[in-house]
Each structure stands twice: as structure tokens, then as C-alpha cells.
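The values are calculated or read from the model by the stated rules, or taken from the named source; none is laboratory data. Fair warning: this is a prediction, and the values are worked out from it, not measured in the lab. FYI the Cβ positions are ideal-geometry reconstructions off the backbone, even for glycines, and counts take in every protein chain you see.
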Amino acid sequence: MGRKRRHTDEQIIHKLREAEVALAQGKTTKDVCKQVEVTEQTYYRWRKEYGGLKVDQPQAPARPRAREQPTQAHGCGPGA
């Protein structure tokens, strides 16, 4: 059974913005994580997943990418 999400997308993005401001002011990542009440591991995971988003752009659910298959042009190549 999956874990219950504790933060909405909007809350995560808000906390990341707050962290960005604090880091720009010279605080350490450890201090910033304490300030926004998340672990460093969670902070880095959120930054990876939500880093470039704005509050009005909720993240689409992650979907596994289909492996790209090489395409063959019809009627080209040896034996055509």
C-alpha cells in the first residue's frame, strides 16, 4: 500500500521557493531544510522533481518513458 502524501504540489513548490530565498541569503542547506521542516533527502528529491515549476503549473504524474525503437524506412537499404 502506498504512503499518504503529506504535502500538496503547491506546498512543495512554496517550500522550494522559500528554500531558494534562504540559500540565496547565504544559509546552509542543512539550516534551510530545518526552516522548511523537511529532510535534506526530501529537499533534494523535491528539487529534482519540482525544481522548474511554478505554483500555477502542477506537475503531471510521472510516466515511464517508452524505449525508443529504431525506425526503418520502407523501401530503403540493402535488398530493397
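Summary of computed values
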| read-out | value |
| --- | --- |
| Residue match in the range 11-30 (condition: in contact with an Asp or Glu (Cβ under 7 Å, 6 or more places away or on another chain) and among the basic types (Lys, Arg)) | yes |
| Pair list, Cβ under 8 Å, 6 or more apart: the range 32-50 residue more than 16 Å from His14 (Cβ to Cβ), other residue crowded, with 16+ Cβ neighbours inside 10 Å and of a type outside the set (Gly, Ala, Ser) | Thr39/Cys33; Glu40/Cys33 |
| Tabulated pairs, the range 1-25, first within 16 Å of Gly52 (Cβ to Cβ) and β-branched (Val, Ile, Thr), second surrounded by 13 or more Cβ atoms within 10 Å (Cβ to Cβ) and modelled with pLDDT of 90 or more, C-beta under 7 angstrom, 6+ apart or interchain | Ile12/Trp46 |
